[in-house]
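Structure first, commentary second.
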Amino acid sequence: MSARKPYVRPMAGWWRRNPVFMRYMVREASAVFLAIYAVSLLVGVFRLSQGAAAYDAWLAALRNPLAIFFHGIALLAVGYHAYTWWKVMPKTLPMLHVGGRRIPEITLSAVGWAAWLAASLIVYALVRGL
Amino acid sequence: MADAEKTIEIEVLRYRPEQDREPVVQTYQVPFTDDTSVLQGLQYIKDYLDGTVSFRWSCRMAICGSCGMMIDGKPKLSCKTFLREYYPGKLRVEALSHFPIERDLVVGIDDFIGKLESIKPYIIPREARTLEQGEYLQTPAQRDQYEQFSSCINCLLCYAACPQYGLNPGFIGPAALALLHRYNADSRDEGWEARREVVNAEDGVWRCMLVGYCSEVCPKAVDPAHAINQNKVNSTLDYFGVLKFLLPKGAAK
């Protein structure tokens, strides 16, 4: 008869055991703010289709302090999400070589961060009519 | 040992299946010097303090992959971790996370061995070359495509770092998928067809949520997260039937 009696440790609270897991959970949770923001934007498009008055009402609703507070938080969350998105992006690419040398992951991420920053600035300039 | 010998407290998570209902912590005072590894600390315990403490080890130099354990909650090779890093505090050693504890620091790895077999970890050519045809030729650039993934020593630190494996033990897991990619990425291999079911399955690459910790803890810089996540792309291309046109070796079998 086997004397084996393997003990399986519980997983409850696993994400609190390591700062790496905490950061992972924050990364995943930050997408929720992105989703809520996207829904709010879609509502805006829908209101626009209903005419000027409806659209103005939606704009007014966005000036509510609660809405501004949410958008401040969402901006931070989306910023963190975009940062992590580019950080892990190289893991999804095949090995890339230039001149016989492998491109380091940090270079690929840095290109992504730069493109993200440039795109954000262009969009900001367009919206502000600069 | 040298004159400048210091003593450190090591907490060991014990589990003796014949007497313990669940693991218990036992504390030992261990003398050490600057070059004493955690593994040597455990060997001191076994030789001089308590012969009943069980743990696996073999090579003492980060090659065999036997001595992986949780050291202060992080998966590490105990031969490659030194007691001085934890002094003047104490340290706690525990069996590798996410695996069933057989006894003390020894975990059951039957699950992994089965998964390792399932990925067919050997080169599968479309047609074996005959002796007259000579050896399989490969350029250094082709070798670069898989070499890092071939460095895996099956120490299982990556599984202990993977919460997905802990939550869904069916997940094929980081090392097995890295080794799967090691063969798929080899220019001499044409076994995508033979391994695709493992990759594409629910418990294959798609179970990975890219926590990325597996690649951080890997003592051999295998980067399993990279192997897994580029195969999410391959799996998608395979689903749409375009992968066979993209594989560098031509049509996948």
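Counts of other chain beta carbons within 10 angstrom of each beta carbon in peptide B:105-112 average 1.
Computed about the Cα centre, the dipole magnitude for the protein assembly as shown is approximately 800 debye when only Lys and Arg (+1) and Asp and Glu (-1) carry charge, each at its Cβ. The longest stretch of chain B left intact once loop-based GluC sites (Glu not before Pro) with at most 12 other Cβ atoms within 10 Å are removed from consideration, loops following DSSP, is B:19-126.
For the stretch B:92-109, no residue has its backbone nitrogen under 14 Å from a point 7 Å from the Cα of residue A:16, taken along Cα to Cβ. For chain B, the longest principal axis of the alpha carbon atoms and the long axis of helix B:174-184 meet at an angle near 30°. Taking other C-beta atoms within 10 angstrom as a stand-in for reagent exposure, B:172, A:106 fall in the order A:106, B:172, fewest first.
For the stretch B:75-118 versus the stretch A:1-60, the inter-centroid distance based on Cα atoms is 33 Å. Restriction of the trypsin sites (Lys or Arg not before Pro) in the stretch B:36-107 to DSSP coil positions whose beta-carbon has at most 10 other beta-carbons within 10 angstrom yields no sites. Of the cross-linked pairs B:76/B:232; B:90/B:115; A:5/B:90; A:5/B:232; A:87/B:90; A:91/B:244, those separated by over 26 Å at the C-alpha level are B:76/B:232; B:90/B:115; A:5/B:90; A:5/B:232; A:87/B:90. Peptide B:97-104 has a mean shielding of 4, counted as Cβ atoms of other protein chains within 10 Å of each residue's Cβ. Relative to the longest principal axis of the Cα atoms of chain B, the long axis of helix B:224-239 lies at roughly 30 degrees.
Every read-out reported here was derived from the displayed coordinates using simple, explicitly stated rules and does not represent laboratory data. Keep in mind the model is a prediction, meaning the values are calculated, not measured. Glycine also receives a Cβ, built like all others from the backbone with ideal geometry; neighbour counts cover every protein chain displayed.
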